[in-house]
Amino acid sequence: MAFGSSEDVSGVKLLVLLAVMYGLLSALTYSVIHMKFVNPLGNDAPFDRFSEARTVEHVRMLSQEIDGRQVSQF
C-alpha cells in the first residue's frame, strides 16, 4: 500500500469532516450556554408569556403564607 491511496484520502476526509462537525457543535453549545441576549420578562409581561418576575413573586407569596413544612408521621 502506498501513501496517498484512496483509503488514506477517505480517512483524512472523514477526520476533517469530524473536526468541522465538532467545531460547529462546540460553537452552538457555547452560544446556548452564554445566551446574554435573552432578557427575563417583568411583571408587566402579557399573561400568555412566561414571566420570571411573576414566578418569583408567586413563590415568595406562597412561602410567606405557608408557615412551615408539614411533616408526616409514619
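The values are calculated or read from the model by the stated rules, or taken from the named source; none is laboratory data. Please read these numbers as outputs of a predicted model, since none were measured by experiment. Here the Cβ positions follow ideal geometry from the backbone for every residue, glycine too, while neighbour counts run over all protein chains shown. Just so you know, the surface numbers come from the protein's heavy atoms only, side chains and all, with ligands and any DNA or RNA stripped out. Shrake-Rupley method; radii C 1.70, N 1.55, O 1.52, S 1.80 Å.
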Excluding ligands, DNA and RNA, what is the solvent-accessible area per residue of the chain at a probe of 1.4 Å, expressed in Å²? 99
Each label point is 7 Å from the Cα along the Cα-to-Cβ direction; what then is the distance between the points at I33 and V9, in nm? 3.9
In the chain, carbon and sulfur make up what percent of the accessible area (probe 1.4 Å)? 65
Under a 10 Å cutoff between Cα atoms, tell me which one of S31, S51, S63 has the largest fluctuation in the Gaussian network model of the chain. S63
